[in-house]
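We did not get these values from a lab; they are worked out from the coordinates using the rules stated. Bear in mind that the values here come from a model prediction, so they are computed numbers and not experimental data. Positions of Cβ are generated from backbone atoms using ideal geometry, with glycine treated the same way; all protein chains shown enter the neighbour counts.
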Amino acid sequence: MKTLSVFFLFSLVLFVFIGNEQMVVEAETCKIKIEPEWPGLDCLSTICDSACKRKYEPQEAKGICLYDRYCYCYYPC
């Protein structure tokens, strides 16, 4: 029972640490709307991601299609 309590406490600490790390990452991330390279078509995730990586640091940037069908690029500020 004591081992289970220690495991639960360790899991909780790890969860809080990861949650705080995500908040820091989100705070240091900028978002910009990219004009479509594909007029008249819905945003395609692979094309959006490629366009974003061409404009910003390839390892750090991520292109995501959002509900309004536009491509948004997330990159470090």
Here the gain from full extension of residue 77 to residue 32, 0.36 nm per residue of separation minus their alpha-carbon distance, amounts to 15.1 nm
Within-11-Å neighbourhood charge of residue 53 [Cβ basis; K, R +1; D, E -1]: 0
